[in-house]
Structures are given as structure tokens and as C-alpha cells.
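These notes concern the structure reproduced below.
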Amino acid sequence: MRVAAASSNLAAAPSAVNRRAAANDAAEARELPGSAEAAVKGDDAPTGSDASGTSAESAAPAAAPVAAPAGSMPAAAYIAASCLLALTQGFGMNMIAGNLQQLQGAFSATQAEATWLIAAYLAPNVSLSLALIKVRAQYGIRTFAEWSIVGFVLVSMLHLFVTDLPSAIAVRFVAGIAAAPMSSLAFLYMIEKVQPQHKLTYGLTAALTNIALIPSLTRIMFPTLFELGGVHGLYLFELALAMASFGAIYLLPLASPPRAKVIERLDILSYLLVAVGFGSLAIVLTTGRTYWWLEAPWLGELLVLSFTCLTIAALIELHRKQPFLDIRWLVSPEILHFTMVLLLFRLLLSEQTAAATNFFLVMGLQTEQLTGLYTVIAIATVVGGIACALVVRPEREPYIHLVALTLIAVGAWMDSRATNLTRPHDVYLSQALIAAASAMFLPPSMARGLMNALKKGPNYIFSFIILFLATQSLGGQFGSALFGSLITLREKFHSNILAQGITLTDPIVAGRVGQLSAGYGHTLTDTALLKAEGANLLGQQITREANVLAYNDVFLLISMLSAGAALCLLIHLTLITIKTRIQNAAPANAPLAT
């Protein structure tokens, strides 16, 4: 059940990366010549050339060729480096979250104890990406990249000395810190050689699709690696990826915008408060289902600590001339609407990570038996990313979201008809639809958010990243916790209903108990023990059927929510179309009235 926490890790990676893309796009837009600047979506690029009033200078023929790129390597090398960096960061993240049951046995840990491997990683990781924006701006991308990969290699080496669960948890906490810059670098390398006018379309889509692929690829590779070398074999493979990434970063330099002193003293205090708030909330959302929300007092204490720190941080930022994050902009009606859209999609997309894959684990399947399903999900993610790249435009975002909601609704409805005989090949189509929807949702949403932030000014980009990170990483965790808890509650409900109709005085039940206990007839001669074994096996079947019904309830709920959201969006688009046509028709009728 703890595997569901993997969804938030995947969501945190793109959100941590995206803010760097916005700052880099804005910087590159100012450095390009006028013709290229006009093609970039940032509003400040064209206005800068217009305000200068030097139209004659722009006509100079040979004096304004495009500046030579920073690196001479071909674009394919940077794309390969991006894929390598994404795999390096995602493998370490998802090998724990996606395969907790196998690692639980390797560390001789209970489910509750093993869950701390995920919580320790997420606690620093969900917020550290925020601080890295200003670190990159003040110290330069090149220095940032080099020190980041060195730190990641050192932490990967530490994994080789892990011998028990406490040491594994400590190293996972450090790994969460070291991995935070890696997804950003994977994003930057993907868009490095993309033409400026295509960065928010093809570049953004390719980068996010690349990162979204990693969880499936990790789960495909995990069984073979774990069988060959156990836990230390996994760590050796992660170290090998880190060393290869080390060479790629030093061989392929990134273009770096001018440095600027942007870190202030109050930024450090605000970040620490946000880090404690987000980290505490991530721990609660990760472990709440295991320890159960109302049975562990420390969960409530962590929630209070989280809300207190975030409230103090908000009060500090409201009284700053140059805030770390603009609270007033974040609570404006337009941004609140945008936040609800992001959060809704993150909740709905938890169907794949928090429910569908866990369903088969509950049914008794092993990770290696799900390899085909993860392969289909990976292929569908690529197809969805390609389709999104071909059609994504700023004005098409609602229509892409409408298609994504429809795909989620259809896929979840197909999953809601599962039985105890359902196997991975039965859900290939439904999960492919949801994977494609996931790949189609994020790029247009990210592009729109960046454009809105750029229109307000570069300072608003950081506030947007805070928003995007909270809705994607913590929103994904919230979706996993919400639907996972709902599955637990519905399983208890269905178990109670099914057990009420089971009495040993019923001849049918008695016959079933006899059939189930017959397999032990050659080893047990005591009739009472045979009957007890049969009753125990019947209880297991009741629990299994209750789990099937609980998962079907959640699948159906997600389908209904997706269909309702799609209907609301369709009505909204219809009203906008009618209003636009009325406004366009009014000027045409005006001359006739005069």
C-alpha cells in the first residue's frame, strides 16, 4: 500500500525543474536579437526593443547575427544527457517508493518502518528545489551543475555502506537533498539546444515527458537488478548512473545567464520556515495511512508544526518589499482558479499510482509480473507527450485539458469493473489512456503558468514555482493519502457486509469450508484444525473480495470526478464561445442601427 507514495515523487520532479526553465527562457529572450526576441513569448522581449526607438539599428545587415552557442556539441548529445540525468535522479527516487515490499524484506522491516524510507527522502526534497532557484541565479548554472553532481556522486557512494534500516533512513534523507538539483538539470539539458520560440512547446513537453517516463522505467529494471545483486546491486547501479552523469555535465556545459545577487537574509528565514512546513506535511501524508490518522498523536503535532511555520512565513513575506514569494498574487482569483485546476488533476492522476498498480500487489502479484503493464504505461506516456507537443498552444490549453479529463474518466471507469481474476493485461488499455492523459496535462499547464508569471515580471516566477511545487508534489502525496485511506475504509465496510452473510450453519458455507480445508487433509488429522484452516482460508477470500470492491469504488469515484470536471469545463468553454460570438456580432450590427 505504501507504493502509492511514488506518485508525489514523480510530480515533485517536474515542478522542481520548471521554474529554472522560466528564468532561463526570460534571460535568453533578453540576450537574443530583436527578431528572435519577438518570437519568444515573454512580453518584455518585444517591448524592450520598441522602447529603445532604434529601428534603424535593427536594420543593420551584418552587425546582428545570432551569437554563437555556448557549446559546440550537437543537440542529440544534450538530449541524451537529459535522459541520463533524469534516469539518475528518478531511479534513486522510485526504486524505493515503487518497490517497498521487496526492500522491506531486505531490511527486515515492518511496513510502517519501511515507509520511513520514503518519508525521509521527501522531507527535504519537496522544498529544497525552491531555494535552488536563487542559488543558480547568484552563483551561476555552471557552478550549480558541477557542485550538484559532485554531491550526488558522494551520496550515492554512501549508499554502499548501508547495512540496516536506520542507516538506510539516514542516507535516504541526505539523498533527498542531493537529488533535488538533478531534475532541474535534466530539464535544462533537454531545452538547451531548443530554439527559443519552441522552448514553451516542444522543449517543455519533451522535458516533462522525459521525467514522467522514469518511474515506469525504474519499475521495469528493478526486478532484474534486485535479483542479480540485491539492495547493494541497486546502489551500485545508481552509483554508475551518477558517475556517467558526472562526465556528461563536465563535457556538456550549459549556457549561463549573467549572475546577480538575489539572496537576502530574510530569504533564508522564509525558506527554513517553508522547508519545515512542507517537510512536516510530506511526512504526515506519507506515513498517515500506515499509522492511521487518528491513532498516532505525533501526526497531529506535525500538522500543527507545518501550518504554524507556513503561517509565520506568509506573515513575514506580506511585509517585505521584495518578498521571497508574493502571497497577494498567489491568492488572487485567477491564480486560485489555476491552483484548483492543478490540484484537481493531481488528485485524479493518483488513480494510476495510488490505486491501479497497488491493486495487483494486493491481489498477490509480484513486481516482475507487472513489467508488461509498466511498459505499456511508458509507451503511452511517450505517445501522449508527442501528441501534446504537436498541438500545444497557449489558447488550446482548455481543450487539451478536456481531452485529458475524458481519457481519465474512461480509463478509471474501465478499471472499476475489476474482479479477483483481473490481471495486468486486462488493464493495458485503461492505464494507457490515463498515462497519455498525464503526459498531456502538465506541459500546457506549465506553459500557461510561466506566461502569466512572465507578464507580471521575473519576480513572480518564483511565486509560481512555489504554487506549482505545492500542487504537484504535495498534491500528489495528498491524492495518494486520500484515495489510499478511502480504499482502507471501504475495504472494512465491504468486509463487514460480506462477513455478515457467512455462517457455518449455512450448508453452502460449510461445504465451501470443507473444500478449502481438503488441501490440508494429508497433513492434519484433527477435524477441528481442518475446519479452522478452512474457515481461515474463507476469511482470506472475503478480505480479497472486499479489497476488489473497495478499489472498484475508488476507480468509479475518480471516473465520476473526471467526468464531472470535463462536463464543467465543456460548459465553461461553451459559454465563452457564445460570449465571443455575441461580442463579435455586435460591431457588425452597429452600422445598421445608425
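The values are calculated or read from the model by the stated rules, or taken from the named source; none is laboratory data. Just so it is clear, the model here is predicted, and its values are computed rather than measured. Reconstructed Cβ throughout: ideal geometry from the backbone, glycine too, with neighbour counts over all protein chains shown.
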Check your understanding: Does the range 354-398 hold any residues that are of a type in the set (Phe, Trp, Tyr) and modelled with pLDDT of 90 or more, and which are they?
Key -> Tyr374
Review point. Going by the structure shown, is Ala212 within 26 Å of Ala260 (Cβ to Cβ), buried (at least 24 other Cβ atoms within 10 Å of the Cβ) and either touching a helix residue (DSSP H, G or I) at 6+ places or on another chain (Cβ under 6 Å) or assigned by TED's automatic domain parsing to the domain that holds Asn94 (or both)?
Key: no
Check your understanding: If the Cβ limit is 9 Å and pairs must be 6+ apart or interchain, which residue in the range 222-236 that is closer than 19 Å to Val155 by Cα and in contact (Cβ under 8 Å) with a residue 24 or more places away in the chain pairs with which residue that is in a helix (DSSP H, G or I) and hydroxyl-bearing (Ser, Thr, Tyr)?
Key -> Tyr235/Ser156
Practice item. May I ask you to say which residue of Val403, Val427 is of a type in the set (Val, Ile, Thr), assigned to a helix (DSSP H, G or I) and free of Cβ contacts under 8 Å to residues at least 40 places away in the same chain? Key: Val403
Point to revise | Residues of the range 495-546 satisfying the condition of being charged (D, E, K, R) and assigned to a loop (DSSP other than H, G, I, E, B) | key: Asp506, Asp526
Check your understanding: Pick from the range 367-400 the residues that are in contact (Cβ under 8 Å) with a residue 60 or more places away in the chain and among the charged types (D, E, K, R): which of them is surrounded by the fewest Cβ atoms within 10 Å (Cβ to Cβ)?
Key -> Arg393
Review point. If you check every pair at least six apart or on different chains, which have Cβ atoms under 7 Å apart with a residue in the range 124-139 that is hydroxyl-bearing (Ser, Thr, Tyr) first and a residue that is surrounded by fewer than 22 Cβ atoms within 10 Å (Cβ to Cβ) and in a helix (DSSP H, G or I) second?
Key: Ser127/Ala275
Study note, to complete from the structure: Those helices (runs of 4 or more DSSP H) completely within the range 267-366 that have 1 or more residues that are among the aromatic types (Phe, Trp, Tyr) and surrounded by 21 or more Cβ atoms within 10 Å (Cβ to Cβ) are 333-350, 357-362
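Per-residue answers, yes or no, for (1) in a helix (DSSP H, G or I); (2) within 19 Å of the chain's Cα centre (by Cα); (3) crowded, with 17+ Cβ neighbours inside 10 Å; (4) not assigned by TED's automatic domain parsing to the domain that holds Gln89:
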residue	(1), (2), (3), (4)
Ile149	yes, no, yes, no
Val155	yes, no, yes, no
Thr163	no, no, no, no
Ala170	yes, no, no, no
Ser184	yes, yes, yes, no
Leu188	yes, yes, yes, no
Lys199	yes, no, yes, no
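Among the listed residues Arg219, Arg265, identify the single one that is of a type in the set (D, E, K, R) and modelled with pLDDT of 85 or more.
Step by step, each of Arg219, Arg265 is checked, and only Arg219 is of a type in the set (D, E, K, R) and modelled with pLDDT of 85 or more.
Leu85 - would you say it is surrounded by 23 or more Cβ atoms within 10 Å (Cβ to Cβ) and touching a residue at least 40 places away in the same chain (Cβ under 8 Å)?
Taking the combined requirement at face value, the residue satisfies it.
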